[in-house]
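Data block below; observations after.
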Amino acid sequence: MKQEQLRMLIAVVETGTFSRAAERVYKSQAAISKAIKGLEEELEIQLFSRDSYRPELTSEGKILYRKALEVIDQFDQFEEVAKELSLGVEPELSIVVSALCPLPRILDIIKALSDKYPQTRINLSINTLGRVLEELKSGDADIAITPLEGTEPTLKSAYLYDIKMLIVASQEFKLSTFSKCSLEQLRSYNQIVVKNEHHHELDRSDDVLRTGRRWDVNSLFSKKEVILAGLGWGQLPEHLVTEELQEGHLIPLEVEGFSMQKAPRVHVVRKQQTILGPVAQELWSSIKLL
């Protein structure tokens, strides 16, 4: 049995005909038929029913088709890792992280990696949500950790965790005296938002109100400080304000008539066609276990 035969089996099932399968794997139709017949003889199992016009898997064929998918996927992963390892240890590795993401978990992984590969220089940048993917796509970063919505054909990603967002205000801020407040009340006070300076757009994590009073800041850190100073209200990730909430410096606001946006879903992301070196590959694998 050869992996080429399994690829031909998969091609026949997924394209629906021997002729289309031949086009996919760049073989003649006769070569496809011969490979499938040889596989059936070797396994002593009939993979396709001959009772219909189009090839249909037998019950045994369905089981082996699923196994073939697993085997080919493992082979492709093995081949990819082998190519990555052949590149040698990278002299430097660039990682970009969205400011929304908790850093301690990531830094523990980076420290372990740095201890193992001291010859690789680590470049770590923290950026706004809109800039993270730009750095990755432009080649300025090898791996990104960021909230990601949907999929992009040029990117390969793996889901890590959700970030819980809270609407908060300082204990001294007028709104914090209410256990609940309305959208109309919020419009009367400053919403503190992070502005993506490159695009002159608001960060998507700030999408609470698009009308009303607003102050723009350039980072989550400055946003948190402005809110703590009692100058407005805004959304912040829970992990960033845990201590302030416990000590009572910040108060969570419950807003009537407003459903909190879906929690940002954090992914580790890389360019689809980029072959990672061994250090980047180990980082990628370790982060996926978060």
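The values are calculated or read from the model by the stated rules, or taken from the named source; none is laboratory data. As the structure is a prediction and not an experimental result, all values here were calculated from the model. Note that we place each Cβ from the backbone using ideal geometry, even for glycine, and neighbour counts take in every protein chain shown.
The lone criterion from (1) aliphatic (A, V, I, L, M); (2) at pLDDT 90 or above; (3) crowded, with 16+ Cβ neighbours inside 10 Å left unmet by Val208 is number (2).
Taking the criterion of being at pLDDT below 80, loosely packed, with under 15 Cβ neighbours inside 10 Å and under 24 Å from Cys101 (Cβ atoms), the residues of segment 157-205 that qualify are Glu197, His198, His199, His200, Glu201. When residues in segment 50-78 are screened for being part of a strand (DSSP E or B) and touching a residue at least 12 places away in the same chain (Cβ under 8 Å), 1 of them pass.
Residues checked against (1) assigned by TED's automatic domain parsing to the domain that holds Val217; (2) closer than 30 Å to Gln246 by Cα:
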{"position": "Asp115", "(1), (2)": "no, no"}
{"position": "Ala141", "(1), (2)": "no, no"}
{"position": "Thr146", "(1), (2)": "no, yes"}
{"position": "Gly150", "(1), (2)": "no, no"}
{"position": "Lys156", "(1), (2)": "no, no"}
{"position": "Lys180", "(1), (2)": "yes, yes"}
{"position": "Gln185", "(1), (2)": "yes, yes"}
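Does Ser28 qualify as being at pLDDT below 90, among the polar types (S, T, N, Q), over 28 Å from Leu276 (Cα atoms) and outside the structural domain of Gly277 (by TED's automatic domain parsing)?
Values: at pLDDT below 90: no; among the polar types (S, T, N, Q): yes; over 28 Å from Leu276 (Cα atoms): yes; outside the structural domain of Gly277 (by TED's automatic domain parsing): yes.
No, not satisfied.
Criterion first (at pLDDT 90 or above, surrounded by 20 or more Cβ atoms within 10 Å (Cβ to Cβ) and assigned to a loop (DSSP other than H, G, I, E, B)) does Ala141 satisfy it? Break it down stepwise before answering.
Details: at pLDDT 90 or above: yes; surrounded by 20 or more Cβ atoms within 10 Å (Cβ to Cβ): yes; assigned to a loop (DSSP other than H, G, I, E, B): yes.
Considered against the rule, which asks whether it is at pLDDT 90 or above, surrounded by 20 or more Cβ atoms within 10 Å (Cβ to Cβ) and assigned to a loop (DSSP other than H, G, I, E, B), Ala141 comes out as yes.
Summed over segment 79-104, the residues that are assigned to a helix (DSSP H, G or I) and at pLDDT 85 or above give a count of 2. Considered as a group, the residues in segment 1-60 that are within 20 Å of Asp76 (Cα to Cα) and touching a Ser or Thr at 6+ places or on another chain (Cβ under 8 Å) include one that is surrounded by the most Cβ atoms within 10 Å (Cβ to Cβ), and that residue is Ala21.
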